Amino acid sequence: MTTTVTEPGTANGTTPVRAPQRARHWGEHLFVVPAVVFVLATVLYPLVFNVDLSFRDVGVAQIVTGGAEWVGWENYADQLGRDEFWHALVISLLYTGLAVVVAFALGMALAVYFNQRFPGRNVMRSLLLLAWILPTVVSANVWRWMLDGSYGLVNALLEAVGLVDGDLFWLARPVPALFAVVIATAWSFTPFIMILLLAGLQGIPDTLYEAAKIDGAGAWRRFTSVTMPLLKPVNLTALLLCFISTFKTFDTVFLMTRGGPGEATMILPIYAYNEAFEFFRFDTGAVATTLMLVVPLGLSVFYFRSLRREEAA
Amino acid sequence: MSAATASVRRRRRLTAGGVLITALYLLPVYWMLATSLKESSDIFATPPQLFPSPISLTSYTETVVNHAGIGRGLLNSTVIAAGTTVVTLAVAVPAAYALARLRVRFVALLILLFLVVQMVPAVNLALPMFVIFSRADLVNSYAGLILANCSLAIPLAITILRPYFLSVPGEVIEAAKIDGCTTWTAFLRVALPVSVPGLITVAVISFLGAWGEFVFGLALASDEGMQPITVVLAGLTNSFGTRWNDLMAVSVVVALPIIVVFVFLQRYIVGGLTAGATKS
């Protein structure tokens with residue numbers, strides 16, 4: 001299971017804290033101090049430390065001893081001048097974009113279906129979440145096996161309906177490999193999107209659908225004219241959250257292809273990981289991770305704004 | 001009457017469709033289980049054998065049980081996940097309570113901080129942590145891995161828990177204070193007991209998150225004896241090659257705690273995932 005913000009209701013910073021008329025109760029701050037210290041020490045400090053690394057010439061020896069020489073923007077110039085870095089960025093955006101589109105379309109379809117009233121729907125909704133909650137190491141392995149060229153279930157099914165003739169080695173060819181990691185990623189994220197959208201769907205009053213029906217709107221028309229417009233704030237929140245989470249994803253791709261074949265699925269997190277842990281270039285690795293941070297943090301601004309709008313609506 | 005039976009029939013159709021969709025969607029999970037129960041020769045059958053026959057437990061009784069790395073990995077993961085859960089609860093629960101019910105400065109800013117932090121990719125932390133931990137001698141240690149896991153688990157836990165404490169009526173806490181409770185005892189004796197479902201949710205999500213975590217384990221535990229089961233499993237994908245039945249058996253074992261917890265505590269998990277989305 002990936003760690004994600006799953007609790008969009010709290011971005012509302014204006015939550016009433018019982019108005020303190022008298023002096024502040026400083027003792028009550030002790031409740032929150034450990035958490036703040038913890039986050040400062042285990043998240044903010046490493047991030048700042050990482051930025052510092054990105055401006056130094058860190059050799060293998062300096063990893064342990066410290067004292068690496070300050071080289072200014074040299075590492076940034078190195079990374080930004082490298083085709084591999086830009087390639088990884090493009091692949092990351094492509095992979096994330098495709099996975100989000102697939103997961104969102106499937107998640108929406110499932111949400112609409114399981115929003116109908118019928119016996120057993122709650123159990124089924126929960127069961128579907130299993131795909132989301134399964135460790136990515138496990139699901140990536142299962143997909144590797146399902147997509148095996150010679151004995152995989154997916155090829156067998158595709159062959160049975162005549163879509164594939166002979167063996168298709170998904171993970172050994174560039175474009176199929178990208179599709180393969182997209183499919184595996186979307187499979188995990190879809191139930192999560194379904195749950196987010198279901199919550200939005202439940203807020204749409206039945207009377208609106210009844211009225212649309214009386215006006216002669218068919219199922220598709222009701223979806224495009226009632227569901228989609230009313231779901232717009234929820235859609236935006238779910239899309240942004242899914243994009244940010246997918247962009248961060250490392251495990252699925254690393255386990256299925258390690259970025260290959262060639263560089264076909266070399267997403268930024270794996271590129272940065274390789275810089276540091278394969279080639280022991282912690283300085284350029286620090287540059288890659290620091291630059292990578294721009295995407296999720298930039299999008300999170302829009303995410304928080306859309307959360308607030310969703311709450312206001 | 002006929003309208004009623006038509007609607008019953010419609011609902012039955014919907015249920016049947018739902019079962020079909022769910023079964024299709026979870027086909028990979030079934031395939032993992034089915035493959036793990038096959039004999040080596042049967043995994044390469046064409047067309048694939050949909051049901052394992054004969055059912056063979058060899059992958060479990062021979063491979064899983066006898067492979068030293070797997071047992072060690074499971075032990076490591078248990079220690080790391082349990083440690084992460086305990087630390088997360090100890091740090092996040094009071095913080096979430098304070099942000100919901102106490103007179104604390106910069107509440108909005110702190111809530112935002114805990115949310116933003118969750119946007120940080122694990123690789124961004126694993127890289128500097130490796131350098132920091134190398135200097136502090138924390139690489140290949142439970143303490144280091146628990147610390148790393150908590151970095152993202154605590155903010156998530158606070159975000160999930162705060163709404164639970166917000167739903168504890170302020171009047172109840174005020175009343176407890178009038179009855180002689182201090183801030184601390186009101187928290188322990190009044191707020192905590194009524195927030196047990198939230199605590200379970202957070203404990204389960206922290207445990208499962210750390211159990212399935214991969215990046216920190218990969219980066220911060222190079223020593224095979226310290227690797228969590230997820231990293232062990234990733235290593236086996238190379239050494240097992242095409243022994244898919246063995247690989248799937250290990251995958252089942254890794255997934256098992258998640259599936260068991262999910263079956264018994266799913267309402268807490270689903271509740272945690274949807275807590276924010278359903279309340280407005």
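Read-outs throughout are calculated quantities, based only on the coordinates presented, and are distinct from any laboratory measurement. Fair warning: this is a prediction, and the values are worked out from it, not measured in the lab. Positions of Cβ are generated from backbone atoms using ideal geometry, with glycine treated the same way; all protein chains shown enter the neighbour counts.
At a glance:
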{"quantity": "Exposure proxy order (Cβ contacts within 10 Å, fewest to most) of A:THR290, B:THR5", "calculated": "B:THR5, A:THR290"}
{"quantity": "GNM flexibility winner over chain B from B:TYR268, B:TYR60, B:TYR25 (Cα, springs under 10 Å)", "calculated": "B:TYR25"}
{"quantity": "Within chain A, helix-based [θ] at 222 nm, where runs of 4 or more DSSP H residues each add -39,500 (n - 2.57), nearest 500", "calculated": "-19500 deg cm²/dmol"}
{"quantity": "Hz values of 3J(HN,Hα) by residue in segment A:288-300 - Karplus curve (6.51, -1.76, 1.60), Gly and Pro given as x", "calculated": "4, 5, 4, 5, 4, 4, 4, 5, x, 5, x, 5, 5"}
{"quantity": "Whole-Hz couplings from phi, Karplus 6.51/-1.76/1.60, listed for segment A:32-47; x for Gly and Pro", "calculated": "9, 4, x, 5, 5, 4, 4, 5, 4, 6, 9, 10, 5, 4, x, 5"}
{"quantity": "Theoretical ellipticity at 222 nm over chain B - DSSP helices of four or more residues, -39500 (n - 2.57) apiece, nearest 500", "calculated": "-24000 deg cm²/dmol"}
{"quantity": "Derived scalar couplings ³J(HN,Hα) [segment A:145-157; Karplus, 6.51 cos²θ - 1.76 cosθ + 1.60; whole Hz; x for Gly, Pro]", "calculated": "6, 4, 9, 4, x, 8, 10, x, 5, 4, 4, 4, 5"}
{"quantity": "Reach of A:LYS232 by Cα under 12 Å, taken over aspartates and glutamates that are not fewer than 8 positions away in the same chain", "calculated": "A:GLU310"}
{"quantity": "Residue order, fewest to most beta carbons within 10 Å, for A:VAL164, A:VAL112, A:VAL37", "calculated": "A:VAL37, A:VAL164, A:VAL112"}
{"quantity": "For segment B:79-223: rounded, prolate or oblate by the Cα gyration tensor [a/c cutoff 1.5]", "calculated": "prolate"}
{"quantity": "Overall form of segment A:76-312 per C-alpha gyration tensor (a/c, 1.5; a/b vs b/c)", "calculated": "oblate"}
{"quantity": "Candidate aspartates and glutamates - alpha carbon under 15 Å from B:LYS177, same-chain residues fewer than 8 apart omitted", "calculated": "A:GLU28"}
{"quantity": "Loop-exposed trypsin sites (Lys or Arg not before Pro) per DSSP, neighbour cap 16 Cβ within 10 angstrom, longest uninterrupted part of chain A", "calculated": "A:118-257"}
{"quantity": "For A:ARG56, distant residues with modelled amide H under 5 Å away", "calculated": "A:VAL71"}
